[in-house]
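What follows is a short report on a single structure.
The values are calculated or read from the model by the stated rules, or taken from the named source; none is laboratory data. A quick note: this is a predicted structure, and the numbers were derived from the prediction, not measured. Ideal geometry is used to build each Cβ from the backbone, glycine not excepted, and the neighbour counts take in all protein chains shown. Ligands, DNA and RNA are stripped out before the accessible areas are found, and what is left, the full protein with its side chains, is counted by its heavy atoms. Shrake-Rupley method; radii C 1.70, N 1.55, O 1.52, S 1.80 Å.
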Amino acid sequence: MPSSDYDPASLPDLLPLYYRRLFPFSQYYRWLSYGGVQKNYFQNREFSFTLKDDIYVRYQSFSTQNELEKEMQKMNPYKIDVGAVYSHRPSQHNTVKSGTFQALEKELVFDIDMTDYDDVRSCCSAADICSKCWTLMTIAIRILDRALRDDFGFQHRLWVYSGRRGVHCWVCDEAARKLSVAARSAVTEYLSLVKGGDETVKKVVLTEPIHPFISNSLDVVKGYFTQYALDDQDLMGSKESVEKVLALVPEDILFLQEFEKEKKPEKRWNLIVTEAKRKQSTAKKGQYFEKEIMLQYCYPRLDANVSKGVNHLLKSPFSVHPKTGRISVPIDVSELDKFDPFSVPTISLICEELDRPRPGEEKEKLEDGKEKEDEKDAIEKRKIRDYKRTSLAKYIKYFDQFLDGMARSWKGERLRKSDKAKQMKPVPLNNPEVEIVAEADIIVRRRSEVLSHSHLGYNVLSCNYAW
């Protein structure tokens, strides 16, 4: 059965098989327990399930992987959302004294939805996407991933396809998880450029000097602009799209007659770029309207509320999208330009792949018979073999690689915690450790100098963000 044959009516029959044999519970628990560095981290995490007929169940929490596994196999949720780590078990929130049940930590998350680009894409609208407008998601990931890595120093960034029309980012560094609401708001503000609702014509306004973050973002956009905007979206072709672009250009431009005579989209765009450069050389104030147009049409559009709130829930990786049947899979950023949302497996496809006979299967069944003494290990081994038989395998393999990278930082954190007690005594002068601390302080101050010159005149570090 090809992926296009997915039938939403079949979902109730497919979900039990998916949660019993294919959902990567082991990796999932490994991710959300963060190596057990912090006590009760997994136990105090909120999960929410959307069940059949849109029944929404919040404040679910589980003590172990096994408990989570059993409950999901019992409830077979149509959608899974992951929330914050709370001060108490979310499942017991009604028994806690009023005001004491608080969201303490959560990954810094970003949600980018294609519907927010409807005013600048001509190929699709609403929930529909195609290969032409998917370039916007590629641009968004490239811009934000670079900024989160280079401008903020975050190392563990998990990008996930939503299963339909967007992408999510989970920043999993310990520093990111501990950010306050004010600090999350500051990071989100730093990364936000496109401002204003449907009534706002000009949604990007640049001032001098152009912040390095914006320059880096423009470099990314330029790499895709000709193919995406001029060719795929016909930005300089149709009368309607041309009028929208010219509305973003200053009224005193000199090329209108020449522009109307020129019919080739790329040459029309070159006229705008040439006029912008002429303006920049003669105007007292910076004229960056060609850059503003490029950013308005291509820059990432964030759902700020998702990123700012600690207690905001976000769709979980490996959840199934009920409308498309596609699995919400991790995206390998190193292979980003090859990622095709239409090749992401559906639940119907992987369940069908599971039933296909495979070479060596009889031998594996004999091995399973020998492992009856340790039933738990046998079940786990069968589950690993199961997903490896399907199109889901490469996405789980990438998730494993992501977790391996995080595990190295968990190991370092455990070592730091075990050494804390030994370091309570004063450190003597001329100690190498003092020099390391001093060097780290210089790095932090340099980062502060860069980021305090935000493109929005906003000091990201004013929120006491711990770098």
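What single numbered condition from (1) at pLDDT below 95; (2) open to solvent by less than 10 Å² (accessible area, probe 1.4 Å) fails to hold for Pro90?
(1) is the only condition that Pro90 fails.
Which number in (1) within 24 Å of Gln102 (Cβ to Cβ); (2) touching a helix residue (DSSP H, G or I) at 6+ places or on another chain (Cβ under 9 Å) marks the one condition that Ser63 misses?
Unmet condition: (2).
With the requirement that a residue be open to solvent by 50 Å² or more (accessible area, probe 1.4 Å), charged (D, E, K, R) and either in a loop (DSSP other than H, G, I, E, B) or touching a residue at least 60 places away in the same chain (Cβ under 8 Å) (or both), what does the range 29-55 give you?
Arg30, Lys39
If you check every pair at least six apart or on different chains, which have Cβ atoms under 9 Å apart with a residue in the range 397-426 that is over 30 Å from Leu22 (Cα atoms) first and a residue that is modelled with pLDDT under 95 and in a helix (DSSP H, G or I) second?
Short answer, once both residue conditions are applied: Glu413/Gly35; Arg414/Gly35; Arg414/Gly36; Gln423/Glu433.
In the range 185-222, which residue that is small (Gly, Ala, Ser) and either in contact with a strand residue (DSSP E or B) (Cβ under 8 Å, 6 or more places away or on another chain) or free of Cβ contacts under 8 Å to residues at least 40 places away in the same chain (or both) is farthest from Asp119 (Cα to Cα)?
My answer is Ser215.
Out of the range 97-110, which residues are open to solvent by 30 Å² or more (accessible area, probe 1.4 Å) and not small (Gly, Ala, Ser)?
Lys97, Thr100, Phe101, Gln102, Leu104, listed by residue number.
In this structure, is Ile384 modelled with pLDDT of 95 or more, closer than 30 Å to Asp7 by Cβ, open to solvent by less than 70 Å² (accessible area, probe 1.4 Å) and assigned to a helix (DSSP H, G or I)?
It is false that Ile384 is modelled with pLDDT of 95 or more, closer than 30 Å to Asp7 by Cβ, open to solvent by less than 70 Å² (accessible area, probe 1.4 Å) and assigned to a helix (DSSP H, G or I).
Return the residues of the range 148-183 that are part of a strand (DSSP E or B) and of a type outside the set (Lys, Arg); say none if nothing qualifies.
Leu158, Trp159, Val160, Tyr161, Gly166, Val167, His168, Cys169, Trp170, Val171, listed by residue number.
For the range 281-296, give me the residue count where each residue is more than 36 Å from the chain's Cα centre (by Cα) and either polar (S, T, N, Q) or within 14 Å of Pro209 (Cα to Cα) (or both).
4
For the range 185-273, list the helices (runs of 4 or more DSSP H) that sit wholly inside it and hold at least 3 residues that are open to solvent by 50 Å² or more (accessible area, probe 1.4 Å) and at pLDDT below 95; which are they?
239-246, 256-261
Only one of (1) of a type in the set (A, V, I, L, M, F, W, C); (2) more than 30 Å from Phe399 (Cβ to Cβ); (3) touching a residue at least 40 places away in the same chain (Cβ under 8 Å) fails for Phe255. Which number is that?
Status for Phe255: all satisfied but (3).
Quick check on the range 113-131. Is at least one of its residues more than 20 Å from Asn305 (Cβ to Cβ), at pLDDT 95 or above, open to solvent by 10 Å² or more (accessible area, probe 1.4 Å) and assigned to a helix (DSSP H, G or I)?
yes
Suppose we keep only residues that are in a helix (DSSP H, G or I) and open to solvent by 10 Å² or more (accessible area, probe 1.4 Å) within the range 333-351. Which one would you say is nearest to Arg142 (Cα to Cα)?
That would be Val333.
Across the range 86-112, what is the total count of residues that are without any contact (Cβ under 8 Å) to a residue 40 or more places away in the chain and part of a strand (DSSP E or B)?
0
Looking at the range 132-148, which of its residues are open to solvent by 20 Å² or more (accessible area, probe 1.4 Å) and closer than 14 Å to Tyr297 by Cα?
Within the range 132-148, Lys132, Thr135 qualify.
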